[in-house]
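Visitor: First the structure, then my questions, so here it is.
Just so it is clear, none of the values below were taken in a lab; they were calculated from the coordinates. Quick caveat, the model's predicted, so the values are computed rather than measured. Reconstructed Cβ throughout: ideal geometry from the backbone, glycine too, with neighbour counts over all protein chains shown.
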Amino acid sequence: MNSRERVLAALRHEEPDRVPIDLGGMASTGIHAVAYNRLKRHLGLNGTTQVFDITQHLAEVKEPVRSRLGVDVVALPRIEVLPGVRNIHWQPWTLPDGSPAEISADFQPVRTADGGWEVHGPGGIVLYRMPRGGFYFDPVEAPLAHADPDTLRSLELPRIGDEELHLLRERARALYTETDYAIVGAFGGNLLEVGQSLRGWTQFMIDLASALGWLEDFLERIAEMWMDNLARYLDAVGEYIQVIQFGDDLGEQQRPLISPAMYRRLFKPRHARMFGYVHAHSDCAVFLHSCGSIYELIPDLIEAGVDVLNPVQTSAARMDPARLKREFGDRLVFWGGGCHTQRVLPRGTPAEVAADVRERLRVFATGGGYIFAAIHNILPEVPPENVVAMFDAARSWSAGG
């Protein structure tokens, strides 16, 4: 089997010739650029590191790293990564550890007095900040935190531009015809997270709990924007991608962020509209990234049309691998959950990492319906020896031994 065939078999809940592997197929199965530089040095590989996701500072995973680690998936990321910032032309950039990289030439952050960086938005508000010694651009001020209800009801949200869609189509066609990788299209479709980013995380959770009169109109505006973009996106790249990635972090460490009743009332119908459109107008699998303890929401997500669940945060409450596989493995493909990213991968020995991977694959991969990835992105402090041990264990695993 080639890589695309291997992934497609797993998406059909079959057990392919080996476990399909993902690194960098989307912005939650990736690797921090600092860790990527260290990995390349460890492997004796050269080549420029490009930061394709600015806020998380993720590196674009390229050849020959993909080949060395047995990766079967490639990303089709959005080109406009922040408002007015596009990954087309590149400029030199220094990573937090002092190692070199490239970043979008459109990205022009402002130095702070303490030696960090800020990204400013309309009116001079601070949208993102990387403090001195930090590794990420964290969100700071929400642009609509103090907006009035009329503004929120009539919100105009951006469309994917014609130029970007043209570039995405050309890139998708090239990946489809010139490689045998499975292609994941980074679409988005976030509902809860868009509300949190525009209103502020805390304020939007208060909005939801208060059931304010403008709230459903606001959510509907967001959903309408995504539906418009979804039709245009699939028309551009739907014939070339095998998976379309949506995202909405619905859980925290102990429980869902919202109750099942609130999910069913406010979010499930809108998710179902988007996911149903994908199923009706393409052959793509619907991939949902949702962190945290979401066990109670999984039946509703399946009913809404989710085919693939990521990152499978087994360290969260009620997210035991055996329970997830037993109860939902015939209806969901699990994409992730392959190594404990918070504890084992950064702090274990290579042997402990490999053992963790093998035990998780014994549960998730047996019988098919599984794509290997760590639980979320590889952090900057992860030793490169552990990264190699993780992927080598995944590539060599077999159900028989």
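Visitor: Taking the mean number of other Cβ atoms within 10 Å as a proxy for protection, how do you rank 210-220, 298-308, 48-58 from highest to lowest?
Guide: Packing order, densest peptide first, comes out as 48-58, 298-308, 210-220.
Visitor: First select every other residue whose beta carbon is under 9 angstrom from the beta carbon of R318; then total the charges, Lys and Arg +1, Asp and Glu -1.
Guide: 0
Visitor: Spelling out what I want: for every residue of the stretch 240-254, take phi, set θ = phi - 60°, compute 6.51 cos²θ - 1.76 cosθ + 1.60 (Karplus), and round to whole Hz; glycine and proline get x.
Guide: 10, 8, 9, 9, 10, 9, 10, x, 6, 6, 9, x, 10, 5, 10
Visitor: Same structure again: Would you mind pulling out the separation of the Cα centroids of the stretch 340-361 and the stretch 251-308, in Å?
Guide: One Cα centre to the other: 29 Å.
Visitor: Please list, ordered by chain and number, the residues whose modelled amide H lies under 5 Å from the amide H of Q50; skip anything fewer than 5 residues away on the same chain.
Guide: Under 5 Å from the amide H of Q50: E60, E102.
Visitor: Moving to a separate point now. If Lys and Arg each add +1 and Asp and Glu each add -1, what is the summed charge of the other residues whose beta carbon sits under 11 Å from the beta carbon of A33?
Guide: Net local charge, A33 excluded: -2.
Visitor: Arrange the peptides 67-74, 275-282 so that the one whose residues have, on average, the most other Cβ atoms within 10 Å appears first.
Guide: 67-74, 275-282
Visitor: Here is a further query. I need L266, L230 ordered by Cβ neighbour count within 10 Å, fewest first.
Guide: Least to most surrounded, the residues fall as L266, L230.
Visitor: Highest mean first, what order results for 368-374, 186-192 on Cβ atoms within 10 Å?
Guide: 368-374, 186-192
Visitor: Classify the chain: rounded, prolate or oblate, from the alpha-carbon gyration tensor (a ≥ b ≥ c, eigenvalue square roots; a/c under 1.5 rounded; otherwise prolate if a/b is larger than b/c)?
Guide: Here the chain falls in the rounded category.
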